[in-house]
Structures are given as C-alpha cells and as structure tokens.
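Below: one structure, written as structure tokens.
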2 protein chains.
Amino acid sequence: MNAHDTTLEIIPLGGLGEFGMNCMVLRYGADIIVIDAGLMFSEVGHFGVDSMTPDFTFLERHREQVRAVLLTHSHEDHIGSLPFLLKKVNVPVYGTPYTLSIVEPRLEEHHLLATTQLHPVRAGETVEVGAFSVEYIRVSHSTVDCCALAITTPIGTVVHSGDFKFDATPVCGDAIDVERLRAVGRRGVLALLSDSTNIERPGQMPSERVVIPALEEIFDRATGRIFVSCFASSIHRIQIVFDLARQFGRQVVAVGRAMERNIEIAERTGFLDTADLLVSAKDFKHYEPGETVVLASGCQGEPMGAMWRIADRSHRQAWMEAGDTVVLSARQIPGNEKAISRLINRCYRNEVQVIDATQARIHVSGHGAQEDLRLMLEAVRPKYFIPIHGEYRQLYRHKLFACQTLGYSPDRVLLVESGDVVVLDGETARLGDKITINRVYIDDTCSLELDETLLRDRKRLAYEGVVIAGVAVEESSGMLLGPPEITTRGYLGVDGDEEEIAELRDVVLAAVEALPPAERINGGKEHFQEHLRLALKRHIMRVTGQKPTIVPLVVVV
Amino acid sequence: MNAHDTTLEIIPLGGLGEFGMNCMVLRYGADIIVIDAGLMFSEVGHFGVDSMTPDFTFLERHREQVRAVLLTHSHEDHIGSLPFLLKKVNVPVYGTPYTLSIVEPRLEEHHLLATTQLHPVRAGETVEVGAFSVEYIRVSHSTVDCCALAITTPIGTVVHSGDFKFDATPVCGDAIDVERLRAVGRRGVLALLSDSTNIERPGQMPSERVVIPALEEIFDRATGRIFVSCFASSIHRIQIVFDLARQFGRQVVAVGRAMERNIEIAERTGFLDTADLLVSAKDFKHYEPGETVVLASGCQGEPMGAMWRIADRSHRQAWMEAGDTVVLSARQIPGNEKAISRLINRCYRNEVQVIDATQARIHVSGHGAQEDLRLMLEAVRPKYFIPIHGEYRQLYRHKLFACQTLGYSPDRVLLVESGDVVVLDGETARLGDKITINRVYIDDTCSLELDETLLRDRKRLAYEGVVIAGVAVEESSGMLLGPPEITTRGYLGVDGDEEEIAELRDVVLAAVEALPPAERINGGKEHFQEHLRLALKRHIMRVTGQKPTIVPLVVVV
C-alpha cells in the first residue's frame, strides 16, 4: 500500500492561473477522474493557432488509472478539448443530457462517436466511478443543464462548483439546488473548488430574467427587423427572444450553424420551447421587416459569423436595411473589442440602430459575483477551499474574500495554479511536487498540435522575415559552382532590393572562401550552412540592425 | 483663376473612420495648412510594425502649397507622426509652448530639430499662415495647454475642436474658453470639426478634479508605499498626486523616462507645481515605505514600462512589497486588456493591494461626453458640422446626435472619412473626388516605412511557415546537378520531417523532369522557379491542406 492509497490528490491541468481550458484531475489510490476538458481560444491566431488545450501528458502517463471524464456543463472552456483528450485516453464520459447532446456532434467530427461511451446523468443522480461517488447537483448558469459535482471519496467529500450563479428564477429549467448544496455541506465537506470568474464584481449577479424589460422595450419600439445576436449557448436568452416574439407577433429566424444546432438540441432535450415560431433562414425573404426577429450567432464580430455576414450584406439568405434594429446581447470577450467595433461600424453603414450592453440592460453574466460566491462557501462550509477558474488576480482575490470577509484561516485556502498538486489526507492539506505543464497549441484546419519550436519559428519569420541563400558546391573538390542565389520574403532591406542582394551575395562568397574547400564537404553540410548563416547574420545585424530568419541552403553536386 | 481660388477644401488624411493618427488638411487657393500629425499604435506588432502614420502623399504632391503644421495638443495621436511628415515636407510648426516642448526631444531623436522652425503660440493668440488666420482657443483635456483652432479664410471660419471637454475647474491651467468659442460662433462659423470620441457616453464628462476624493481616501488608508501609474501626459492627474503627497507628508518618486520627462517639461512651462517634493528614483531606497508615492509610467502593462518592471522585481531602483498599494489611474486602451491583466496578476504575487478604475473613481476621460459635444455645437453654431476623431460608429452617432437632438438638417452634417474631400464655397458643401489613402506602417527600430507587400509576406510566413527547395542546374545542358535540397521553417508537415522531406524532394525531381532541359534555362529562372513552386504548392495542399510560403531557389552552374 503506497502513499496514494490513503490520500486524495487534486491536480488542475488547466484553468487555474488562466481563463479557459478548464480541466481538474482527482486521484484517490489508483483511481483517477477528470472533471471537464476545456479549450482556450487562441491569442496567437496570426501564427495558425486556433486554440489551446490542457497538457494531457499526466493522464497519458497514468492512462490505466483514468476511470472517466465528468462534464459539469457544455461551454467550450469545459468540453472543447474532450476530443483531444479522448484520442489520447479513451475513457467513458459522464454529463447531463443537454451537455452530452452538445458533445455528440463534436465527437462525430473527430470520428470518435462510435468509440466513446457516453453516460447521461441527470441533476440529482449519483454515479459510481472507481473509488469516487459523484453526485450531480443542479446549478444556474448562462447555458442550461449545468451542475456542480459532490465527489465523495473514502477520506471525504470534494465539491466542484462548475460555473454557477444563484439564480432563483432562471428562464429555462430548475433553479440552483441550494438545499442539496447545504445538505452536502452539513454532512461535512473536505474541500470546495469554486469558480472565481466574477470575484471582482461586488453584489449578487441578477437572474437571467433581468434582461427582459430592456429587450421588451426594444421589441415594443422596433418597426423594422430585429436582429438579436447572442452566444448560441445562451439558451435562457434565446427562450426570452422566443417569448417576446410570441408577445409581439413576430416569427423567429435562426441564422448561423451554431445557433440553429443549439436551438434544435435545447428543444429536443426539453429546455427550450420554440412554440412553432421558428422559421427557416431560407424563408427570411418571405417576411416583411416587422414580422421577424432574427437570432444570429457571431456576437463577437467573428468574420465568418452570421451577424457579420448579415451586416456585410454577404449572407445569402438574410440582410438588414435602414430602420432595422441590431441587439448585441452579449459581453465583449477581452480581445474581441476590435472585431465587435468593426461589426458595429458595418451595421451603422446600413443605417440601422445598434444597441449593445453599454446602452441597455440586455446582458447579464452567468458567473456569480461576490455574494453568489459567498453563498456557495456558506452552503458548502468546506474545511479547505481552492479557488478555481481565473487568472492569478481572480484566484488571489477569491482567497482574500474568503479570509477577510468570511473569516477563513489563510492556511485553509489553497492558492494553486495549473500543474500544482494538492494532497489531502482527510486532516491536512499540503502541496505535492508540481507536475510539468506545457502549452499545447491546436491548428483547427487539421486538428493537429503545434509544438513550441514551430511557433517560435513562425514568430521570428513574422517579425523580420526570411533571407535565403543557396549555393552549389562540387562534392569532389568542395569548389563553389556558379554564383550564390539570394532571395528574401518579408525582409526589409536598407538600400533597396537589387543593391542589398548583391551585397549579400558578396557576403556569402566571402564566407565560402573563408572556409577551405575540403572543410566545406568534410565538415558536413550542417557545419557549412551554419558558417554561412552566421556570416549573413553578422552582416545584416551590423548594416541594418535587423534579425531576419536566415536559411542557407547548400546543394552538393 | 481656378476653382480652388474661391473654395475651401477640408481633407482628413487620418483619424476619421479610425481612432488615432489624426491629421486634417485645409486648402484655400494655393495655401495648405495641416492640423495635427498623429500616430496610431499598431495592431500588427507581431509583424514588426510598431505604429502607423497617415499617408502624406497628398502633401508631398502639393509640397509647394503647404504653409504650416498647426498642433492642437501634445498627445501621440496628434503629434506622433510629425517627424515622418517633416522628413517629407519641411514646413514651420505651430503649437502651444507645452506642446512644442514635448515635440522638441522627439524631433531631436529624428535629427530634425535643427532644421525645423517651431513657432510657439499661446492660447488667445492668432497667427497668419498664407490665406489663413488661425486663433488658438483654450480647451480643457486630460493633458495641458490644449487648444481648439478658429481658422478664418476669405470665405468663412472653420473651427477645429481639437480634443476637449468642458471642464470649468481643471487642476492645471485655465478652463476652456467658452466665451471665446461663443464669440466666434456669434461672428458666424462656416464649419465645425468636432471630436467624436465619447459620443456614445451620455451626460457631461466630469472635471479632472473628480478623481480627488477616491485618491485622497487611498492616500489616507495606505500605510506602505503608494504606486500611482497613469499616462505620463496626464498632467492634471500628476498634479493631484503631488498635492496629495504634500497633504499626506510623502515624497514623490517619478519612475520611467516618459514620466520624468513630462514632469520636467510641465514644471518648466508653468503647468505643474512639484513643490520640492520630487525625489530621484535612485533615492527610492532611502525612504521608508510610508514616506513615498511613486509615479510610474507603463499603466497599460507595457513589458518595458516602469510599472511592469517594478511589479516584476526587475527594476533597478524601485520595488514593491506586501502591504503596498498600486493604483492604476488610467483607462484600458482597447487591445491592452491582456497586458494590464498580466500586470495586475504580477502585482498580486507581491501581495500588494491593486486598485483600478473599475473599483474606485480614480480615472476620468479627457474627451467630452454627449453634453460636452452639445455645448460645443451650441457655442459655435456652425453652418456645417463635420464629426471628427472616431471610427464610423462614433462619427455616425455624432451625426445622429446633431440631427436628432440639436435639430441639424442631415445635409448640414457631413459624415466623411479619411481620404474624403469636402469642398465649401461659403454657401454650399459638396464632396469632391476622394483621394487615395494607403496604410503606412512604421518599424520603430529603424524608423522605416514598411509596405503592404512586405506585411502580407510576413503574415503568410507567420500563418503556415515556409518550405524552401534548392536545385542546381547546369547552364549548358539544363541538367539537374545533385539531389534537390529541401528545408522548412515553421511548417507543419503531416508525416514527420524525414519522410515528408523525402516526399517533397521527389515532387521537385518530378517537376524538374517534367520540364525539358532546354526550357529550364531558356525559359528564364523565374519561369523555372514558378514551375517548381506550383508543383510543391499543389502537392502540399493536396496532402496536408496547408498553404505555406514556398520558395524555390535555382542555382545555375
């Protein structure tokens, strides 16, 4: 019996110290479970990187111990890297019915649906996975069928909050099950892992219903078309739009693949009632402006998104005209401000009215603010508290909040980041050896991982371009054959192309001559090429101050 | 006498339809004046671009007509491209004393100070430039010594607002000269060009003094060091910090080159009173935590900024410790959110308190909100109104505001963008032929312009890397000599390097063989290289779906 047998390890693989790609590992004895497998949208899109996933190396190394992946809800930052994880470690997946319905087509795209075991779990149900007994507890959030998990092990219970707010009056589905959280708390909770996203916002986050009055006023005033763009996963918001459509006698046109798909799934799983108001995008043209409301995806101004294409007049089925109203019913994800501004500029060129969340109460966050976070801590009353989901600033402030406002002792609140290992034995908590976590970059066009070296090379190429020098040498003598060939891409010379290229040719010639003919061949091609590279690098740096990528190419004849 | 002789042309070269690089040209007869020459910080930093300037081609083409550049104030987006303009067209520069003092060291860096005529103009003074009589009128803004310009021509007066708000109680210098604006308005104004930056914000922008109570409370509570990071140009804010330092018995340490320089200039020109409280950064170490307040530049989290280096513990002279307070007294410029968040994360790792503008009223904008914009329009009462400084959304909403709220007839409000030409004859306004405006990208390391082709090449290299293929052919026979040489940088193959490179070598061999030996030489090297490039492109696209840059290099022996 080794140390693992009586300890519980909590190992965040992603989402702590960074926003996105949430993934939490629990190990008790020889049993590992994984909570969520999320994705982070890339900040390095210029370099062919679309997203990042957690580093699953730890799970690959202990593949025989991994019992299951348990999903808390269906947002990208909780399910997006699931296909990449399953390709490495094929284990059963548990999640609520709506969550799994969102996951299914995703797995199909990756040809994983046939080989993956999907186990639906309803809120309130408990599943046994290895040494873990996991109860799904309903929480409120901006999408539907979301749960916290109460995970019972032989040494105690860990509660993972998922993403949540205390919404007593959600539009779709049941409210957060505060009673059940309190009951779990009364039974005794060893550790709570709780979402920190909105710890910097004071007060309580309002219910999803808070946006109804402002949207109602917009519907009341609008005479032309109404375009509502929101996240396709915001099912409460979408239900509100359907309700208002019925109230104001409009049909609902869903535009955008994600929007159409999520509406279909939400209706099929019983969370959305479209009340026969949904009409196909191809019928958009048959309606008068005042007869429809369009639900469009692409609220972040994505260049291929439905909302942009409608505004840009490049959508095949839907368009906007002077007098229409555009409602951007979402937050601006940091980094998307410029794309959203471009979308608004484009809308105004059509002389429509644009209403965003700075002008009217048409958006509310699904993540609890300080009072929600307090309610979670007070319901669960854990012995140890680990803030999760946030950059260091959110985790730090969540810890401060627990200590200063709720009186937690600082040694009971563990401020840990992805790769840290928390070891619990039922009585004490300590940090184990940190595990190595690398960045994993994904190119969506081929679903392949890109390594750091490749990305570093691309960044260098982008920054100052590339200078390529080709020479041909005779194998028998090491003599140079013909003049060196020089070409550049994206490289800024100082004296105009022709002159500088001639100069670079001279540099290469001099460098070739500086090396005895025999050494050019016998020293190996790498040695010769490196010699040429250094000569060019020194010259270019001295003359221009630039540091382009330099590629020497020796053809041996 | 041609048409120009009796018409006034208003030609924005930058800043209309985009934020930044403000530059407005006025031409009457054979006289051109330029109002401001600003810079736009780059969104394409990855590609070696630091900033963008307006396209000054129009001014180069009419260089003999250009009489002067008139600066409204000293912000980068109004003066930053002045060196680049002066290198193309060396004309006298007019501006207020503080503005010119900020401009001087800039010109020196570009070796332009000796050859540039700088003419200081105080608020209230009028200068004659060609056919134009230009009165400098004091306005309030976040920096000091800012002016609007009333430009009188034979056919009427044009008012250019500069950047402004109606601040009756600025901290430094005089308040906006509303009386003078009204007097100019009473005399009759042909056109007003007015700042649109904050048109989306209702109400009136508060005075610079509005931040005093919250800052006073921070000073009152702080026991450790206080770090205030703000824009180095925010002289009112800096004066407030000095005033609070005196009130609370602290010395002021200025850290960061921009901060030190601007404080020196503002004191020298009479806008700032440091009251002997300023101590050198090298003396930071001699003070107890409770004895100093540090004014640090780098409020946007710039990696080389003073604030980051202090937080990161990499600054040579200043540092922070648990118990200190960091005050980020600035707005987040869109695009900088991530860098600012990184700075806040880093600060919290030192266990300091961080206060930003979301938590306390420690920042106020220098740009007027809707009521300020209304006051400007009502004071000047122009015949024509041209919204300036903003993306299309701000210009559009400023037009709507003038029409819907102030009753302007839509044909009196001209919604124009950079490159448009407004032609006024004293009675009517019309749009002339648009002039061509290109993007001009600047690499700061060498102060050189980068062209669009170079940038496009860099973007392609960044996105999928580069594949390089070298072949040597005999000039006399066209025969291939030796095997083709293949190398890649930043390119993601599908089957591992060795195998794919062998495959690419085969593709090149086949492509060479497909071309008759004579054609390889006689068709010209470009023809041969393009033939190889297409063969590689087709193969790579088919096998991997990737589109790297492909560079074939033929060495003729």
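Would you confirm whether any residue within the range B:255-278 is open to solvent by 10 Å² or more (accessible area, probe 1.4 Å), within 25 Å of B:R221 (Cα to Cα) and under 21 Å from the mean Cα position of the chain (by Cα)?
Within the range B:255-278, none of the residues are open to solvent by 10 Å² or more (accessible area, probe 1.4 Å), within 25 Å of B:R221 (Cα to Cα) and under 21 Å from the mean Cα position of the chain (by Cα).
Please find, within the range B:309-318, the residue that is farthest from the other protein chains (Cβ to nearest Cβ) out of those that are under 23 Å from B:S234 (Cα atoms) and touching a Phe, Trp or Tyr at 6+ places or on another chain (Cβ under 8 Å).
Step by step, filter the range B:309-318, then rank; the result is B:A318.
In the range A:470-499, how many are under 48 Å from the mean Cα position of the chain (by Cα) and among the small types (G, A, S)?
Result for the range A:470-499: 4.
Given B:G224, B:G203, B:G185, which one is among the small types (G, A, S), more than 22 Å from B:L16 (Cβ to Cβ) and open to solvent by 20 Å² or more (accessible area, probe 1.4 Å)?
Values: B:G224 fails: open to solvent by 20 Å² or more (accessible area, probe 1.4 Å); B:G185 fails: open to solvent by 20 Å² or more (accessible area, probe 1.4 Å).
Of B:G224, B:G203, B:G185, the one residue that is among the small types (G, A, S), more than 22 Å from B:L16 (Cβ to Cβ) and open to solvent by 20 Å² or more (accessible area, probe 1.4 Å) is B:G203.
Out of all the residues in the range B:395-413, which are surrounded by 20 or more Cβ atoms within 10 Å (Cβ to Cβ) and either over 16 Å from A:E351 (Cβ atoms) or free of Cβ contacts under 8 Å to residues at least 40 places away in the same chain (or both)?
Matches in the range B:395-413: B:Y396, B:K399, B:A402, B:V413.
Which members of the range B:227-258 meet the condition of being over 16 Å from B:G305 (Cα atoms), touching a residue at least 40 places away in the same chain (Cβ under 8 Å) and touching a strand residue (DSSP E or B) at 6+ places or on another chain (Cβ under 7 Å)?
Passing the criteria: B:I238, B:V241, B:A245, B:R250, B:Q251, B:V252.
May I ask you to list the residues in the range A:442-490 that are more than 8 Å from chain B (Cβ to nearest Cβ), among the aliphatic types (A, V, I, L, M) and more than 20 Å from B:G48 (Cα to Cα)?
Of everything in the range A:442-490, those that are more than 8 Å from chain B (Cβ to nearest Cβ), among the aliphatic types (A, V, I, L, M) and more than 20 Å from B:G48 (Cα to Cα) turn out to be A:I442, A:A469, A:V473, A:M479, A:L480, A:I486.
Kindly evaluate A:L377 against the criterion of being assigned to a helix (DSSP H, G or I) and either surrounded by fewer than 23 Cβ atoms within 10 Å (Cβ to Cβ) or assigned by TED's automatic domain parsing to the domain that holds A:F227 (or both). Even if it seems obvious, please write down each step before you answer.
On the way: assigned to a helix (DSSP H, G or I): yes; either surrounded by fewer than 23 Cβ atoms within 10 Å (Cβ to Cβ) or assigned by TED's automatic domain parsing to the domain that holds A:F227 (or both): yes.
It is true that A:L377 is assigned to a helix (DSSP H, G or I) and either surrounded by fewer than 23 Cβ atoms within 10 Å (Cβ to Cβ) or assigned by TED's automatic domain parsing to the domain that holds A:F227 (or both).
Please determine, by comparing only the residues of the range A:38-59 that are in contact with a helix residue (DSSP H, G or I) (Cβ under 8 Å, 6 or more places away or on another chain) and within 11 Å of chain B (Cβ to nearest Cβ), which one is farthest from B:K547 (Cα to Cα).
A:E43
With respect to B:A369, determine if the residue is more than 30 Å from B:L59 (Cβ to Cβ), outside the structural domain of B:T53 (by TED's automatic domain parsing) and open to solvent by less than 50 Å² (accessible area, probe 1.4 Å).
Working: more than 30 Å from B:L59 (Cβ to Cβ): yes; outside the structural domain of B:T53 (by TED's automatic domain parsing): no; open to solvent by less than 50 Å² (accessible area, probe 1.4 Å): yes.
Criteria not met by B:A369.
Suppose the filter is part of a loop (DSSP other than H, G, I, E, B), at pLDDT below 95, of a type outside the set (K, R) and out of contact with any Pro (no Cβ under 8 Å at 6 or more places or on another chain); does B:A232 pass it?
Taking the combined requirement at face value, the residue does not satisfy it.
Considering only the range A:523-544, I want to know if a residue exists there that is away from chain B (no Cβ under 14 Å) and among the basic types (K, R).
yes
Could you count how many residues in the range A:93-138 are in contact (Cβ under 8 Å) with a residue 24 or more places away in the chain and farther than 20 Å from A:E264 by Cβ?
Matching residues across the range A:93-138 total 22.
Quick check on B:E519: is it open to solvent by 40 Å² or more (accessible area, probe 1.4 Å), among the acidic types (D, E), in contact (Cβ under 8 Å) with a residue 12 or more places away in the chain and out of contact with any helix residue (DSSP H, G or I) (no Cβ under 7 Å at 6 or more places or on another chain)?
Judged against the criteria, B:E519 is a match.
Collect the residues in the range B:528-557 that are touching a residue at least 60 places away in the same chain (Cβ under 8 Å) and among the basic types (K, R), keeping them in residue-number order.
Scanning the range B:528-557 gives a single hit, B:K547.
Suppose the filter is part of a loop (DSSP other than H, G, I, E, B) and without any contact (Cβ under 8 Å) to a residue 40 or more places away in the chain; does A:G224 pass it? Before the answer, list the steps.
Details: part of a loop (DSSP other than H, G, I, E, B): yes; without any contact (Cβ under 8 Å) to a residue 40 or more places away in the chain: no.
So A:G224 does not fit the description; no.
With B:D77, B:D177 as the choices, which residue is within 20 Å of B:R381 (Cα to Cα), in contact (Cβ under 8 Å) with a residue 12 or more places away in the chain and open to solvent by 40 Å² or more (accessible area, probe 1.4 Å)?
After ruling out the rest, the residue left standing is B:D177.
The values are calculated or read from the model by the stated rules, or taken from the named source; none is laboratory data. Since the model is a prediction, treat every value here as computed from it, not as a measurement. Every residue, glycine among them, receives a Cβ derived from its backbone with ideal geometry; neighbour counts consider all protein chains shown. Please note that ligands, DNA and RNA were not included when accessible areas were found on the heavy atoms of the full protein model with its side chains. Shrake-Rupley method; radii C 1.70, N 1.55, O 1.52, S 1.80 Å.
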